[in-house]
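The values are calculated or read from the model by the stated rules, or taken from the named source; none is laboratory data. It should be emphasised that the depicted structure is a prediction, and the values quoted were computed from it without experimental measurement. Note that we place each Cβ from the backbone using ideal geometry, even for glycine, and neighbour counts take in every protein chain shown. The area values use the complete protein model at the heavy-atom level, side chains included, leaving out ligands, DNA and RNA. Shrake-Rupley method; radii C 1.70, N 1.55, O 1.52, S 1.80 Å.
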Amino acid sequence: MKVFKLTMLKTVMAIGLSALVSGNVLANIADLEKAAKAEGEVNSLGMPDSWANWKDTWVQLEQKYGLKHVDTDMSSAQEIAKFDAEKKNASADIGDVGASFGPLAVKKGVTQAYKTSYWDDIPAWAKDQDGHWLLAYTGTIAFIVDKNSVKDIPHSWADLTKGKYKVTIGDVSAAAQSINGVLAANFALGGDEKDLTPALNYFGELAKQGRLGLTNVSIQNLEKGEVEVAVVWDFNGLNYRDQIDAKRFEVLIPSDGSVISGYSTIINKYAKHPNAAKLAREYILSDEGQINLARGYARPIRAEKIKLPEDVQQKLIPAEQYAKAQPIKDAAAWEVSI
């Protein structure tokens with residue numbers, strides 16, 4: 001009987017260790033760190049040093065755990081396609097994709113699940129129930145206003161209709177930022193993901209007034225003064241502001257409504273360094289990892305749970321401005337609408 005019990009205990013322990021290394025249970029962090037260190041590296045897609053301050057995270061993962069890192073920058077769709085094309089010849093372990101691409105990656109069957117120890121801090125709308133994808137940071141549609149040419153700063157979509165300046169939204173046929181700008185206005189006007197009529201009428205009226213700008217909202221065009229008011233992701237607007245002249249531009253969330261989205265980490269089903277990828281996700285959701293993202297102007301998904309350093313807080317938009325920003329509730333309807 002003692003032999004039987006001992007055998008059963010060893011079996012249970014083996015199953016537990018296997019689940020840690022290859023499954024989707026909440027990991028024992030110490031064992032995960034040990035397994036990741038043994039792998040020695042983690043390679044990513046779409047997570048370059050210059051985006052959302054990923055640089056600090058990769059540097060710290062190497063300093064703390066000895067993980068070497070290489071990134072290949074590409075779009076969300078390209079990341080998923082690469083995971084799928086390479087399969088067991090995987091060159092990457094983890095990727096960063098737009099919120100709508102997380103479910104697509106799961107449908108494609110190229111992800112593996114991992115729920116971090118911060119799982120309960122992440123809102124339900126911002127994660128896959130099994131842990132295949134989860135948002136590390138959010139983006140909310142904002143206004144960036146050039147105060148050199150606009151003296152009466154608009155604080156809402158309603159305010160935009162009263163001005164004489166051009167409102168630049170960019171290419172709504174291709175750019176995710178522009179498409180989400182339309183949805184943000186639709187939310188503010190009482191619409192939803194199924195029917196964009198309120199927003200289409202709204203922008204149609206601006207166009208009739210000759211006040212709708214479709215030029216690219218780039219740092220170059222902002223610097224040259226060719227964009228007076230633009231509809232952008234908050235992290236883009238803040239980055240543009242500080243790169244050009246923080247005193248010249250105002251970046252704010254429209255007070256009558258906006259849309260909040262973000263970017264998800266996905267772990268490659270075929271990753272050669274799966275534990276390093278899971279540890280990377282764990283670290284990205286930690287206080288240190290979330291502060292790193294905030295230094296890159298991204299709003300951490302755990303923003304309500306962590307205390308940002310004063311210098312980082314000053315770079316971001318005050319939390320109270322996000323009161324009427326809402327996530328997409330009907331993703332299926334939104335996919336049909338766009």
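Out of S258, S337, report the one residue that is surrounded by 22 or more Cβ atoms within 10 Å (Cβ to Cβ) and hydroxyl-bearing (S, T, Y).
S258
Would you mind listing the helices (runs of 4 or more DSSP H) fully within the stretch 103-213 where at least 3 residues are free of Cβ contacts under 8 Å to residues at least 24 places away in the same chain and of a type outside the set (S, T, N, Q)?
197-208
Looking only at the stretch 284-300, count every residue that is of a type in the set (S, T, Y) and either touching a Gly at 6+ places or on another chain (Cβ under 8 Å) or surrounded by fewer than 24 Cβ atoms within 10 Å (Cβ to Cβ) (or both) and tell me the total.
Total satisfying the criteria: 1.
Suppose we filter Y263, Y270 for residues that are closer than 30 Å to V42 by Cβ, among the hydroxyl-bearing types (S, T, Y), open to solvent by 20 Å² or more (accessible area, probe 1.4 Å) and not in a loop (DSSP other than H, G, I, E, B); which single one remains?
Selected residue: Y263, the only one of Y263, Y270 that is closer than 30 Å to V42 by Cβ, among the hydroxyl-bearing types (S, T, Y), open to solvent by 20 Å² or more (accessible area, probe 1.4 Å) and not in a loop (DSSP other than H, G, I, E, B).
For the stretch 29-54, which residues satisfy the criterion of being among the charged types (D, E, K, R) and buried (at least 19 other Cβ atoms within 10 Å of the Cβ)?
E39
Within the stretch 78-123, can you find the residues that are open to solvent by 30 Å² or more (accessible area, probe 1.4 Å) and among the charged types (D, E, K, R)?
Passing the criteria: K82, D84, E86, K87, K88, K107, K108, K115, D120, D121.
Before we move on, is L252 open to solvent by less than 10 Å² (accessible area, probe 1.4 Å), in contact with a strand residue (DSSP E or B) (Cβ under 6 Å, 6 or more places away or on another chain), more than 22 Å from A158 (Cβ to Cβ) and touching a residue at least 12 places away in the same chain (Cβ under 8 Å)?
no
Would you mind telling me which numbered condition in (1) open to solvent by less than 70 Å² (accessible area, probe 1.4 Å); (2) over 24 Å from the mean Cα position of the chain (by Cα); (3) not hydrophobic (A, V, I, L, M, F, W, C) G181 fails?
(2)
Against the condition part of a helix (DSSP H, G or I), modelled with pLDDT of 95 or more and among the polar types (S, T, N, Q), how does N275 come out, does it pass?
When the stated conditions are applied, N275 passes them.
Is it fair to say A99 is touching a residue at least 24 places away in the same chain (Cβ under 8 Å) and out of contact with any strand residue (DSSP E or B) (no Cβ under 8 Å at 6 or more places or on another chain)?
Criteria not met by A99.
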